[in-house]
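Right, one structure below, let's go through it.
The values are calculated or read from the model by the stated rules, or taken from the named source; none is laboratory data. Computed from a prediction, not measured in an experiment: that's the story for all the values here. We place every Cβ from the backbone using ideal geometry, glycine too, and count neighbours over all the protein chains shown. Accessible surface areas use protein heavy atoms only, side chains included; no ligands, DNA or RNA. Shrake-Rupley method; radii C 1.70, N 1.55, O 1.52, S 1.80 Å.
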Amino acid sequence: MPQNLLDFDLPGLTAWFAELGEKPFRARQVFRWIHQAGVADFAHMTDIAKSLRETLQAQAVVQAPAIKFLHRSADGTRKWLFDVGVGNGIETVFIPEDDRGTLCVSSQVGCALECSFCSTGRQGFNRNLGVAEIIGQLWVAQHSLKTEANRTTGEIAERPVSNVVMMGMGEPLANFENVVTALGVMLDDHAYGLSRRRVTVSTSGLVPAMDRLAERCPVALAVSLHAPNDALRDRLVPINKKYPLAELMAACRRYLVHAPRDFITFEYVLLAGVNDQPVHARELVELARDVPCKFNLIPFNPFPDAGYEKPGGEAMRVFREILQDAGYVVTTRRTRGDDIDAACGQLAGQVADRSGRVIKRLHREAA
Ligand code: SAH
Ligand code: SF4
């Protein structure tokens, strides 16, 4: 099997080159060809010695997951469905805005954590994505968007993807090593050169992995809160039973020790009549008091048989005002790309469940 060079960060590629008897600067050159120029064919790496190019052709490939579909939304949002083998597909979303372009990247095929309002969670879990499958989403998006911009305007869009959020399918911190390696490539100046604050990991609250992320790669952290007390959060985000709110809040404070001057973004999906009442907002005000943070309110995005409803406009306004009056910065996420099912929590891809969970649920329903 040829070695897929998208599986490496720069230290990994350098070590692999050393085995070939090649110097570190050669690894750097090839790494830049791959990630900065978007070149997959070694023959096109013109400043690399011919003998090395031939070795690479014989022993390596640069292979991102194959694109199955690309959907374009009326608002400019794009969604790719990538084929990751044996009946599995993952989704990646690009959201263009005036001052930035954000890519929402998947980390797993499905998700094992079963949050009750999440379409990915409903589908079950198949496997972790490899490094090449994670960074390959950015590689494809960055370079295809560049080429497209060149064709349509004649201008070179230097960096269509200016921000990455690990908010696609899956729980990134449950695929820790591969995600951290991919983050390293995103931040590397010889690759995408994104600053630490332009890369966000979103977690449902895997406390020990949050501590490890702080040590290894303290990028911006978003924590999916969704409830202000343990009783409600146990129902909505079942991992809360293992890492309850007091532990989660303490982990948030520890994280910021490694990322001074940063803040945690608390994500809060508003579910009509479930967690969107003034009493919940007031509880949140108290819960988050000791954590430098801001809130990102996300109106629930429906999917078939979800069993939840979108919040009303008035409930959202009141909820937001209670947080704002207590001094918090609050953003309300605008829904983008919902005409192509690309909004938060709607990513479904194709998951050949291996946890047996979906089958169990069907049995429960039938009983
Ligand atoms: N597993 C990670 C990241 C992926 S989900 C996490 O849970 O944080 C990204 C965000 O979308 C999370 O905050 C998640 O709770 C939210 N989300 C999930 N389902 C949603 C839905 N149906 N409507 C709106 N947001 C949803
Ligand atoms: Fe998994 Fe996040 Fe969905 Fe929960 S919200 S099931 S952690 S992807």
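With Cα atoms defining each centre, segment 11-47 and segment 269-317 are spaced 47 Å apart in the structure.
About its Cα centre, segment 66-366 has a charge dipole of approximately 360 debye under the convention of +1 per Lys or Arg Cβ and -1 per Asp or Glu Cβ, with nothing else charged.
Rounded to the nearest 0.05, what FRET efficiency do ALA231 and ALA352 give with R0 = 41 Å and r taken as the Cβ-Cβ distance? Could you check?
On the way: r = 34 Å, r/R0 = 0.84.
For ALA231 and ALA352, the calculated efficiency is 0.75.
When a/c reaches 1.5 or more, the comparison of a/b and b/c decides; with that in mind, is segment 3-61 rounded, prolate or oblate per its Cα gyration tensor? Rounded shape, in that the Cα axes give a/c under 1.5.
What value, in deg cm²/dmol to 500, does the helix sum -39500 (n - 2.57) over DSSP H runs of n ≥ 4 give at 222 nm once divided by the residues of the chain? Taking each H run of at least 4 residues, the total per residue is -11000 deg cm²/dmol. At full extension, ALA18 and THR147 could sit 43.1 nm farther apart than now, given 0.36 nm per residue minus the alpha carbon distance.
Of all the options VAL223, VAL161, VAL274, the one that moves most in a Gaussian network model of the chain with Cα springs shorter than 10 angstrom is VAL274. For the chain, the residue among THR46, ALA174, LEU138 whose Cα projects farthest onto the positive side of the dipole built from Cβ charges is ALA174. Between ARG159 and ASP325, the modelled labels are 4.1 nm apart [label points 7 Å from Cα along Cα→Cβ]. The length gained by stretching the chain between ALA37 and ARG72 to full extension, at 0.36 nm per residue less their Cα-Cα distance, is 10.2 nm. Taking label positions 7 Å along the Cα-Cβ direction at both ARG254 and ARG100, the computed distance is 2.8 nm, reported to one decimal. Here the spin labels are modelled as points 7 Å beyond Cα on the Cα-Cβ line, and at ARG334 and GLU286 they lie 3.6 nm apart.
For the chain, a Gaussian network of Cα nodes joined below 10 Å ranks ILE298, ILE239, ILE48 by mean-square fluctuation, and the top entry is ILE48.
With K and R counted +1 and D and E -1, the other residues having a Cβ less than 14 Å from that of ALA43 yield a net charge of -1. Net charge within 14 Å of ALA64 by Cβ-Cβ distance, Lys/Arg positive one each and Asp/Glu negative one each, not counting ALA64 itself? Combined, the nearby Lys, Arg, Asp and Glu give -3. Accessible surface of the chain, 1.4 Å probe: 51 percent of it comes from carbon and sulfur atoms.
Restricting attention to the chain, lysine pairs at least eight places apart or on different chains and with alpha-carbon atoms under 21 angstrom apart total 5. Around the Cα centre of segment 97-147, unit charges on the Cβ atoms of Lys, Arg, Asp and Glu (plus for the first two, minus for the last two) sum to a dipole of about 200 debye. Protein heavy-atom accessible surface, 1.4 Å probe, per residue over segment 3-61: 49 Å².
Taking PRO218, PRO96, PRO172 as the candidate residues, the one with maximal mean-square fluctuation in a Gaussian network model of the chain, Cα springs under 10 Å, is PRO96. Near LEU6: Cβ cut-off under 15 Å, other residues only, Lys/Arg at +1 and Asp/Glu at -1. The net charge is -4.
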